[in-house]
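The values are calculated or read from the model by the stated rules, or taken from the named source; none is laboratory data. Bear in mind that the values here come from a model prediction, so they are computed numbers and not experimental data. Note that we place each Cβ from the backbone using ideal geometry, even for glycine, and neighbour counts take in every protein chain shown.
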Amino acid sequence: MPALVVDPWVRWDWVAEHADVILAALAQHVELTAIAVGAGLVISLPAGVLATRVRAARGPVLGGAGVLYTIPSLALFAFFVPLTGLSVLTAEIGLVAYTLLILTRNVVVGLEGVPAEVEDAATGMGFRSFHRLIAVELPLALPVIVAGVRIAVVTTIGLVTVTAVIGAGGLGQLILDGLTRQFRTPLVVGGVLSVALAVVADLGLAILQRRLTPWSRAA
């Protein structure tokens, strides 16, 4: 009776032969994440400032972002496919949408956490509204904003794997390939690298946060 061949969890010969494919998937994963969080931050910063400056705008801004966040990822991607096709643009629209609630809420919380006496002192020193925002409020709100960026980055790294179903998934393509072919190696490699990327990104942003806000560490 022939011996039963068992597929190992990782075939290192396959990893060595496909190192270029793995590195390309990792680079795409990082790129998709960076674009999504960067674009989300560009949208969320003015939205958060608007929500703190105009009380009537707070509900619509956070509510709209909250509605987008509750839509299942596959449903959101499927909604845009007829409009933008199976493309990176489709993936990025969905990914950016999921960052908005996290980032906008942290911008709002960070700005509202600035002590009133600090704002009064800045106003007394002649700071106009915009100048006070840039020079005083945003720097003091930075720890909370960066905390939101950390959450958004880790969340987006996980969501990028889902975009493999529309052909733009970075490491998700390896996972999907492993599932489709019932081949463990690309599945394990894609999953492990996704987790490792999230951990490294979070630690890197934590270090950056400490470097950018030495006063919070001293406190």
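Within region 73-99, if we keep just the residues that are of a type in the set (G, A, S) and not in a helix (DSSP H, G or I), the residue that is nearest to the chain's Cα centre (by Cα) turns out to be S87.
V10 passes every criterion in (1) in a helix (DSSP H, G or I); (2) surrounded by fewer than 16 Cβ atoms within 10 Å (Cβ to Cβ) apart from (1). Residues in region 100-130 that are surrounded by 13 or more Cβ atoms within 10 Å (Cβ to Cβ), assigned to a helix (DSSP H, G or I) and not aliphatic (A, V, I, L, M): 7 in all.
Quick check on this structure: which one of G124, G63, G85 is of a type outside the set (D, E) and within 22 Å of G148 (Cβ to Cβ)?
On the way: G124 fails: within 22 Å of G148 (Cβ to Cβ); G85 fails: within 22 Å of G148 (Cβ to Cβ).
After applying the criteria, what remains is G63.
On the given criteria, is R150 in contact with an Asp or Glu (Cβ under 9 Å, 6 or more places away or on another chain), modelled with pLDDT of 85 or more and surrounded by fewer than 19 Cβ atoms within 10 Å (Cβ to Cβ)? For R150, the condition - in contact with an Asp or Glu (Cβ under 9 Å, 6 or more places away or on another chain), modelled with pLDDT of 85 or more and surrounded by fewer than 19 Cβ atoms within 10 Å (Cβ to Cβ) - is not met.
In this structure, is G66 at pLDDT 90 or above, crowded, with 16+ Cβ neighbours inside 10 Å, within 17 Å of the chain's Cα centre (by Cα) and of a type outside the set (A, V, I, L, M)?
Numbers: at pLDDT 90 or above: yes; crowded, with 16+ Cβ neighbours inside 10 Å: no; within 17 Å of the chain's Cα centre (by Cα): yes; of a type outside the set (A, V, I, L, M): yes.
Here the answer is no, as G66 does not meet what is asked.
The listed residues are L100, L111, and the only one of them that is in contact with a Gly (Cβ under 7 Å, 6 or more places away or on another chain), in contact (Cβ under 8 Å) with a residue 12 or more places away in the chain and more than 23 Å from A34 (Cα to Cα) turns out to be L111.
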